[in-house]
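Right, one structure below, let's go through it.
The values are calculated or read from the model by the stated rules, or taken from the named source; none is laboratory data. Given the structure is predicted, the values throughout are model-derived calculations rather than measurements. Cβ atoms come from the backbone with ideal geometry, glycine included; neighbour counts cover every protein chain shown.
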Amino acid sequence: MNWITKALKIGQKIKKILKKRPSKEDIENSDWISCCTGPILKKDLEDNFWVCKACGKHHRISCEQRFDIFFGKNNYEIIKTPIQGNEDPLKWKDTKPYKERLSQAKKKTGQACAVMIAKGKISNIFITAGAVNFNFLGGSISSAEGEAIIHGVQHAIDNKTPFVFFASGGGMRMFQSAIALQNMTRTTLAINELKKNNLPYIVCIVDPCAGGITASFAMLGDIHFGETGALCAFAGRRVVQATVKEDLPSDFQTVEYLQKHGFIDRVVNRKDLSSEIGNILSILLKKDNTVKSENLNVTSENIDQVTKAAS
């Protein structure tokens, strides 16, 4: 047997091994998930708010998982948001039709669009909250997501509640081109209406938050929280580095880096987000000021200043 025959036989064996590897769907439906120490049971990760006990990595979670952690299971109600009749106005097609991608995303996540809105109570305060599911086409914003955010803002105005948004996603959805891009303006105008009604808008940046999301409603909050380790950027790291032609810090575009430079007010572990947001809302709405302000190291002298800034 010459070396060519041997190489061909080895190649066939490699192909057989590769064919036996689990598919992406098999991995997603598995009871296990990968992290720093190797495979971890999803149940164990869920019990720790989907945060790795070994390295502290905050794994990406769905909107309902987010609301479960923030409000507590069964302590909130999902608000149905409007969906346009024609979700594919450009009839976009590349390697596959956008309509097909959209159908697969809905089936995969069980959501009508990437954004979900819910209402519930934190620290005895009624809150309207929104979240983005990155597993829905990268958490990108199209007309449906824009409508969902605006609907959430209007619900907050109508019911006189604060609006809390967990911002993530890759930006505006280019399958809808300019129709998607206009949602940067539309959501900004909606947030301005919320502020005209003197209602707090609290933003929590979760991993990853980029593009037109960062450039619009994600950076308009009265208070900005960042979930530990989350990436927050507009352009990608390599694009920025190629533009400025400098080496960038290792923590560049993390919420920790942004906090150092004044773009994020506080970086918080996922398990503490509910209490931290509840505390700041208690101050902004002047409820239990003494107790809450002590927890946040805010003195009674500047409570009024914080409240005016939120207004």
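Given the criterion in the same structural domain as Lys286 (by TED's automatic domain parsing), touching a helix residue (DSSP H, G or I) at 6+ places or on another chain (Cβ under 7 Å) and at pLDDT below 95, identify the matching residue among Gly211, Gly170. Steps first, answer last, please.
Details: Gly211 fails: touching a helix residue (DSSP H, G or I) at 6+ places or on another chain (Cβ under 7 Å).
After applying the criteria, what remains is Gly170.
Considering only residues that are in a strand (DSSP E or B), touching a Leu at 6+ places or on another chain (Cβ under 8 Å) and either of a type in the set (Val, Ile, Thr) or not assigned by TED's automatic domain parsing to the domain that holds Ser275 (or both), which ones fall in segment 120-163?
If we filter segment 120-163 for residues that are in a strand (DSSP E or B), which is where we start, we get 120-122, 125-132, 141, 163.
Still in the running and touching a Leu at 6+ places or on another chain (Cβ under 8 Å): 122, 125, 127, 163.
Listed by number, the residues that qualify are Ile122, Ile125, Ile127.
This table checks each residue for (1) closer than 20 Å to Asp207 by Cβ; (2) touching a helix residue (DSSP H, G or I) at 6+ places or on another chain (Cβ under 8 Å).
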residue: Gln104; (1), (2): no, no
residue: Met116; (1), (2): yes, yes
residue: Lys119; (1), (2): no, yes
residue: Phe126; (1), (2): no, yes
residue: Ala129; (1), (2): yes, yes
residue: Asn133; (1), (2): yes, yes
residue: Leu137; (1), (2): yes, yes
residue: Glu145; (1), (2): yes, yes
residue: Ala148; (1), (2): no, no
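Quick check on my filter: what residues within segment 61-70 are under 19 Å from Thr128 (Cβ atoms) and either in contact with a Lys or Arg (Cβ under 9 Å, 6 or more places away or on another chain) or in a helix (DSSP H, G or I) (or both)? Walk me through it before giving the result.
Taking segment 61-70 as the starting set, the residues that turn out to be under 19 Å from Thr128 (Cβ atoms) are 62-70.
Cys63, Glu64, Gln65, Arg66, Phe67, Asp68, Ile69, Phe70, listed by residue number.
Among the residues of segment 76-96, write down those that are of a type in the set (Val, Ile, Thr), in a loop (DSSP other than H, G, I, E, B) and modelled with pLDDT of 90 or more.
Restricting attention to segment 76-96, the residues satisfying the condition of being of a type in the set (Val, Ile, Thr) are 78-79, 81, 83, 95.
Subsequent filtering for residues that are in a loop (DSSP other than H, G, I, E, B) retains 81, 83, 95.
Listed by number, the residues that qualify are Thr81, Thr95.
Matching residues to (1) modelled with pLDDT of 90 or more; (2) in the same structural domain as Phe134 (by TED's automatic domain parsing):
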{"position": "Asn2", "(1), (2)": "no, no"}
{"position": "Lys6", "(1), (2)": "no, no"}
{"position": "Lys9", "(1), (2)": "no, no"}
{"position": "Glu28", "(1), (2)": "no, no"}
{"position": "Lys43", "(1), (2)": "yes, no"}
{"position": "Phe67", "(1), (2)": "yes, yes"}
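Take the conditions in a strand (DSSP E or B), surrounded by 14 or more Cβ atoms within 10 Å (Cβ to Cβ) and without any contact (Cβ under 8 Å) to a residue 40 or more places away in the chain and apply them to Ile117. Does it pass? Break it down into steps so the answer makes sense when it comes.
Details: in a strand (DSSP E or B): yes; surrounded by 14 or more Cβ atoms within 10 Å (Cβ to Cβ): yes; without any contact (Cβ under 8 Å) to a residue 40 or more places away in the chain: yes.
The answer is yes for Ile117.
Does Asn198 count as in the same structural domain as Lys108 (by TED's automatic domain parsing) and under 30 Å from Lys286 (Cα atoms)?
Numbers: in the same structural domain as Lys108 (by TED's automatic domain parsing): yes; under 30 Å from Lys286 (Cα atoms): yes.
When the stated conditions are applied, Asn198 passes them.
Check Lys43, Lys73, Lys53 and return the single one that is over 20 Å from Ala105 (Cβ atoms) and part of a helix (DSSP H, G or I).
Numbers: Lys73 fails: part of a helix (DSSP H, G or I); Lys53 fails: part of a helix (DSSP H, G or I).
Answer to the selection: Lys43.
Hand me the list of helices (runs of 4 or more DSSP H) wholly inside segment 227-299 holding 2 or more residues that are modelled with pLDDT under 90.
Once the helices (runs of 4 or more DSSP H) in segment 227-299 are filtered for at least 2 residues that are modelled with pLDDT under 90, what remains is 237-244, 289-295.
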